[in-house]
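Quick one: the structure is below, and I'll ask about it shortly.
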Amino acid sequence: MISLRKTVFGLVVSAMGLSTLSAAHAAEEVNVYSLRQPFLIEPMFKRFTEETGIRVNTLFSQSGLVERIKHEGRNTPADLLLTVDIGRIQDAVDADIAQPIESPVLDANIPDQFRDENKLWVGMTTRARVLYTSLDRVEPDAITTYEELADPKWKGRICVRSAMHVYNIALIASMIAHHGEEETKTWLTAVKDNLARKPQGADTDQIEAVAQGVCDVAIGNSYYYGKMLDDPNKADAAKQVRIVFPNQGDRGTHVNISGVALMKHAPNKENAIKLVEFLSSAEAQHMYADINFEYPVKPGVAWSEQVRAWGTFVHDDLPLNTVAANRGAAIRLIDEVGFNE
Amino acid sequence: MNNACQTPKEEDIRPAAMTETFDPMRSPSGRTAMRWLPRGQSAVWLIGAFIVAAMVAAPIVAVAWIAFFPTENIWPHLASTMLPRYLKNTGILMLGVGIGVTLIGVSSAWVVTMCRLPGKRFFEWAMLLPMAVPAYIVAYVYTDLLEYAGPLQGMLRDIFGWQSAADYWFPDIRTKGGAIIVLSLTLYPYVYMLARAAFLSQSICAIEAARILGRSAWSSFLTVALPLARPAIVVGVVIALMETLNDFGTIDFFAVHTLTAGIFNVWLGMGNAGGAAQIALTMLAVVIALMVIERYSRRRQRFHDTTSRFQELPGYELTPLAKAGALAVCILPIVLGFVVPSLVLIYYSIGYFDQSWTADFFEFAGNSLLVSGLATLVAVGCAIFMAYALRLFPQPLLKFFVRLSSVGYAVPGAVLAIGVLIPFARFDNALDALMRDTFGVSTGLLLSGTVFALVFAYAVRFMAVSYGSIEAALGKVRPSMDDAARTLGASPWGTLKRIHFPMVRGGILAASVLVFVDGMKELPATLILRPFNFDTLATHVYQFAKDEMIEHAALGALTIVLVGVVPVIMLSRAISKSRPGHSGQS
């Protein structure tokens, strides 16, 4: 019924019989606004529907969803908002469109670092922001920290996507949290001076650029490497780089989350919580790991074989809320340094 | 018709269209009073036009409203950091694309219309083909072909024995230059189409008069034909530049930091929608200023045809060298803007056919056709209504509203989508609150998140294209025609139906095709405003293209192109036939 109401004829239908509207919610469903591409999450949703009979409606867009929910107000159909990083989920919290998720299941499944203390968001998976170095041209231990990216020996040898991308903003925000703005600005300026080319493309492009000899060191998220190794067209390029988890000797590698928030006016709140609980279950967490090469947040869930081969690593314990709080400062620095030009 | 030029009557002696014609709309006669206080059917036109224009302008107003509520003032930061770069890049990009589309569009329109060329009938419509390919897909395809791992560089490495990218220099397409080339190749058809329609509708007598009076072919083109076609060419260039300003896909892919990139950095990076809206409005102000300057510069000119005599176009004979040049002018843009991208898409489509040819595919295609088709009806209908009402009542306030309603094109689609979102959500929530209070029943969101909202957004986005073509066509009809019809007792509606429709059929068709093809390609507003589980071909292609996996969605991309090609061909036929005095056989 709800899909019928969502058509041009909605006006006519509701005018003819307002009483039918109460039946609109009869079908069990949950509505997800997603900043993640649908094909990455659909396998999990499909499984959820098979197990519970609850239908998952999705709407994917990379921009404008927070605004849409805000303006739709108390009548929004959105139950959940899915994001690919901590920053966007903080935007939702700041826009006051989220409500706490009360669930003992989530409390048990997800470690504290990946949950908001006010329960306004939870992480579903983690991804490490790692370095990729050329097997031929870079010695295994030539670079072991983010800080070393500023070393003049890398002049003209580093590739990275636009610093304004959320993954880089979060990384720079974590640098600010550890070193302060002043020092981070010096670091960022030095990294910019070391770039082999103007920041462009996605993370995958940076790995390919290393394989092609455009640069020797690339910055990227961990799961892209897994996806490339899995793709016959890109595996050759991926095999020419090694994955390096930075800062293993001190604070650990910067990680970000893909997360979810429950909307304040969620019309199907119970189903929404069921879906989030399912996504945190061993079964769904294993699917995340297996299909997308991400790290499960639930402890004890097996990583994909591919990911296991990269070895274990220490991750930075910096609270993600602190990362989110430093985003504004990070963006200021990026503009001041003119990193993307 | 052969001797039409040889027996000039008094009115033909003056250059046909640039004379100051008597304009009854501006006459201070007693009839003016009736125009300002219309009764009966006339009132419907005036009030209706205000309502339509206000509705179409509402999203722009909503964007302006958001601009009052930034989370912080972005300007001190921007001014001291990126703003100069944004401005410089935007300026270079617009200048480059402006020159590119004018050169390609006008020169090809001229040789195709006026010269005897082999394959002329083919070029007439084929020049429009690149319009059907979304710019970001062209950008992707060329990156694929020209990047390090692509076939061209691979071949060069094999030939010269280079080992890696460090061994040789190769031009980088992901630059401002690359963006200018890609955008020029996909946007020149707007200029071509409008310039050709203008050349076709010119009375050849004016040009022949210039030749008889001693002008060379080149000089008569520059001093007579080009100035006569100026309003149409300007509309085309303005559309192309607005499209350049609202483009995010190409400039993002090529890492060109324009003001549009700035909008998204401020909005998505800093979470400051208000600040982003302020930049968008600043851009709009620049666009409006440009349009005003252009109009002001030809304020004393009128461009009605004052003769109804037309003869077959001459078909200039060219020297072999000139013919080769003319052919290159036509062939290169088609090959680079259409043939190459299509071949690459076909190649991928074959490779991934089994994955792509699914039931979903037909659903996406159906959705694309549905939304684009409805949007075309709405956008063209509203444009005709507003243009004609403005012709009936050239009031400053109405003029302002109508102009405001067509500047949405220069705003990035995602920003405009937020502008559409706000009035719809307000209306829905207000109605819902009312119904709850009075009847205790919730109506929820009736319009937000429906196909209706989507169609409205498309219509608003593409109103400039639709209105521009129709206004240009209507402007060519002499006001004395209206006066004659009205004097003979026809109502405004009757005049529109029996006099204007037949005369501006070409313009209406052009508007329809432009909106439809733009609709098939529309992406950012669709993403934000669509209902649940609703994909068009463009959104389907995007979710793969975004991560450079366009192979998986090449069939969808190819379909966008093919569906766009059919109306483009139909349109070109119609434009050829729309030439006054056309015998239907040339």
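Compute the label zone of residue B:491 within the stretch B:46-73: residues whose backbone N is under 20 Å from the point 7 Å along Cα-to-Cβ.
Counting backbone N atoms under 20 Å from the label point, the list is B:46-52.
Could you tell me the calculated FRET efficiency between residue A:107 and residue B:87, based on Cβ-Cβ distance and R0 = 30 angstrom, to the nearest 0.05?
The formula returns an efficiency of 0.05 here.
Simple spin-label model, 7 Å along Cα-to-Cβ: residue A:308 to residue A:47 in nm?
1.7
So for chain A, averaging the separation of alpha carbon pairs under 8 Å that are six or more residues apart and normalising by length, what relative contact order in percent results? Can you show the working numbers first?
On the way: 614 pairs, mean separation 90.1, N = 341.
Here the relative contact order equals 26 percent.
Hey, another quick one. Go ahead and run the numbers for FRET between residue B:216 and residue B:145, Cβ-Cβ distance against an R0 of 30 Å, rounding to 0.05.
Details: r = 41 Å, r/R0 = 1.38.
Step by step, r from the Cβ atoms, then E = 0.15.
Cα gyration tensor of chain A, axes a ≥ b ≥ c as square roots of the eigenvalues: rounded (a/c below 1.5), prolate (a/b > b/c) or oblate?
Values: a/c = 2.09, a/b = 1.83, b/c = 1.14.
Note, shape of chain A comes out prolate.
Give me the percent relative contact order of chain B, please, defined on Cα pairs under 8 angstrom at least 6 residues apart.
Details: 796 pairs, mean separation 144.4, N = 586.
Relative contact order of chain B: 25 percent.
Say R0 is 45 Å: what FRET efficiency, to the nearest 0.05, do residue B:481 and residue A:95 get from their beta-carbon distance? Display every interim value, and only then the final one.
Numbers: r = 55 Å, r/R0 = 1.23.
The calculated FRET efficiency here is 0.25.
Mind checking which lysines have their C-alpha under 21 Å from residue B:476, skipping anything on the same chain fewer than 8 residues away?
Qualifying lysines at Cα under 21 Å: B:9, B:399, B:497, B:577.
Next question. Write down Rg/Rh for the stretch B:352-579, rounded to two decimals, with Rg from the C-alpha atoms and Rh from the Kirkwood relation over Cα pairs.
1.05
Still on this model: Rg to Rh for the protein assembly as shown: what is it, with Cα atoms only and Rh by Kirkwood?
That ratio equals 1.00.
Next up: For a paramagnetic label modelled at 7 Å from the Cα of residue A:118 toward its Cβ, which residues of the stretch A:64-78 fall within the zone defined by backbone nitrogen distances under 18 Å?
Inside the label zone: A:66-67, A:70.
When the helix-only estimate is applied to chain B (DSSP H runs of n ≥ 4, each -39,500 (n - 2.57), divided by the residue count), what is the mean residue ellipticity at 222 nm, nearest 500 deg cm²/dmol? Show your work: numbers first, answer last.
On the way: 29 runs with 395 residues, N = 586.
Calculated at 222 nm, the ellipticity per residue is -21500 deg cm²/dmol.
Here's another thing I want to ask about it. So, in nm, how far is label residue A:286 from label residue A:136 when the simple model puts each one 7 Å beyond its Cα toward the Cβ?
In this crude spin-label approximation the distance works out to 4.1 nm.
How large is the helix-only mean residue ellipticity at 222 nm for chain A, computed as the sum of -39500 (n - 2.57) over DSSP H runs with n ≥ 4, divided by its residue count, in deg cm²/dmol to the nearest 500?
Numbers: 15 runs with 145 residues, N = 341.
When only DSSP H runs of four or more count, the value is -12500 deg cm²/dmol.
Return the long-range amide H neighbours of residue A:304 (sequence gap of 5 or more, or a different chain), with a cut-off of under 5 Å between placed amide H atoms.
none
So which lysines pass the test for residue A:298, namely a Cα distance under 24 Å, with those fewer than 8 places away in the same chain ruled out?
By straight Cα distance, residue A:298 reaches A:46, A:119, A:227, A:269, A:274.
Which whole number gives the average count of other chain Cβ atoms within 10 Å of the Cβ atoms across peptide A:71-80? Intermediate values should be presented prior to the final figure.
Details: counts 11, 9, 8, 5, 13, 6, 6, 2, 0, 0.
That works out to 6 on average.
Given an 8 Å cut-off on Cα distances and at least 6 residues of separation, report the relative contact order of the stretch B:352-579 as a percent.
Reported as a whole number, the value is 32 percent.
For the stretch B:440-528, what is the charge dipole size about the Cα centre, in debye to the nearest 20, if Lys and Arg each add +1 at the Cβ and Asp and Glu each add -1 at the Cβ? Write out the running numbers ahead of the final one.
On the way: 8 positive and 5 negative charges, 53 e Å.
With Lys and Arg at +1 and Asp and Glu at -1, about 260 debye.
List the lysines whose Cα lies under 16 Å from the Cα of residue A:155, skipping any in the same chain that are fewer than 8 positions away.
Here the lysines satisfying the reach criterion relative to residue A:155 are A:192, A:198.
Antiparallel versus total DSSP beta bridges in chain A: what percent is that, nearest 5?
Approximately 65 percent, going by the DSSP bridge assignments.
Now a separate question. Multiply the residue separation of residue B:75 and residue B:363 by 0.36 nm, subtract the distance between their alpha-carbon atoms, and state the gained length in nm to one decimal.
Between residue B:75 and residue B:363, full extension yields an extra 99.2 nm.
In addition: Return the whole-Å distance between the Cα centroid of the stretch B:518-540 and the Cα centroid of the stretch A:242-307.
Comparing the Cα centres of the stretch B:518-540 and the stretch A:242-307, I get a distance of 29 Å.
Just tell me, in residue order, which DSSP H segments of chain B are both 30 angstrom or longer along the helix axis (alpha-carbon based) and at least 1.0 in mean Kyte-Doolittle hydropathy. Mind dumping the intermediate values first?
Details: long enough: B:41-67 (39 Å, 2.06); B:83-114 (45 Å, 1.18); B:176-201 (37 Å, 1.20); B:273-297 (36 Å, 1.48); B:359-392 (50 Å, 1.42); B:413-439 (38 Å, 0.96); B:554-577 (35 Å, 1.83).
Length and hydropathy pass: B:41-67, B:83-114, B:176-201, B:273-297, B:359-392, B:554-577.
All of the numbers you see were taken from the coordinates with simple rules; none came from a lab. Since this is a predicted model, take the numbers as computed values, not measurements. Ideal geometry is used to build each Cβ from the backbone, glycine not excepted, and the neighbour counts take in all protein chains shown.
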